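Worksheet for the structure shown next.
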Amino acid sequence: WDDMRRSLEASWIEPVGPNPPPTACDALQTKEVSSLTFDVLSRRDATGHAVSEIETAAAQRWAATHLRLVIEPGGAVALAALLAGRVAPEPGMLVLLSGGNVDLVGYAAVLGGNVPAETPALFGEPA
């Protein structure tokens with residue numbers, strides 16, 4: 001599910017390949033990026049970064065602990081990229097956090113640090 005990153009690198013829209021892995025980030029789970037979004041980002045020389053399910057869960061946990069915010073997995077990926085060191089903090093940087101659309105059982109597992117790799121079912125996604 002790194003089609004935006006791959007599309008920006010290629011300078012054209014790269015669709016998601018067949019049989020993509022499951023993800024807790026269902027808000028970001030499209031088969032192809034929007035041409036409108038791609039055009040805006042590519043004109044601004046934006047870059048994309050991919051984060052893992054574990055890094056996303058860690059960002060959700062960090063937001064709950066340090067900011068007292070409930071954010072859904074898709075709304076945590078920018079923070080995950082920053083916390084994982086994929087993006088260096090810069091003066092004036094803004095990191096958007098969004099959504100509270102979380103499965104309570106899965107979110108409790110995230111907060112407890114009980115989210116093993118490649119198990120989005122813990123986030124309320126079908127196995």
Practice task
Report in % the part of the accessible area of region 77-117 that belongs to carbon and sulfur, leaving out ligands and nucleic acids; probe 1.4 Å.
Solution key: 61 percent
Practice task
Determine the equivalent ellipsoid of region 39-79 by diagonalising the alpha-carbon gyration tensor, then write out the semi-axes as square roots of 5 times the eigenvalues, largest first, rounded to whole Å.
Solution key: 25, 11, 7
Practice task
Mind pulling up the Rg/Rh value for region 1-42? Radius of gyration and Kirkwood radius, both on Cα.
Solution key: 0.96
Handout entry: Cα gyration tensor of the chain - equivalent ellipsoid semi-axes, whole Å, descending
Key = 25, 19, 11
Fill in the blank from the handout: Cα-based Rg then Dmax for region 15-90, in Å, read 13.7, 38
Fill in the blank from the handout: Mean accessible area per residue over region 29-122 (1.4 angstrom probe, all protein chains present, square angstrom) is 60 Å²
Fill in the blank from the handout: With the 8 Å Cα cutoff and a minimum separation of six or more residues, region 1-80 has a relative contact order in percent of 31 percent
Exercise for the section: First compute the accessible area of region 1-42 with a 1.4 Å probe, then give the percent of it belonging to carbon and sulfur atoms. Expected result: 57 percent
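The values are calculated or read from the model by the stated rules, or taken from the named source; none is laboratory data. None of the values given here were measured: they were computed from a predicted structure. The accessibility values were calculated without ligands, DNA or RNA, using every heavy atom of the protein model including side chains. Shrake-Rupley method; radii C 1.70, N 1.55, O 1.52, S 1.80 Å.
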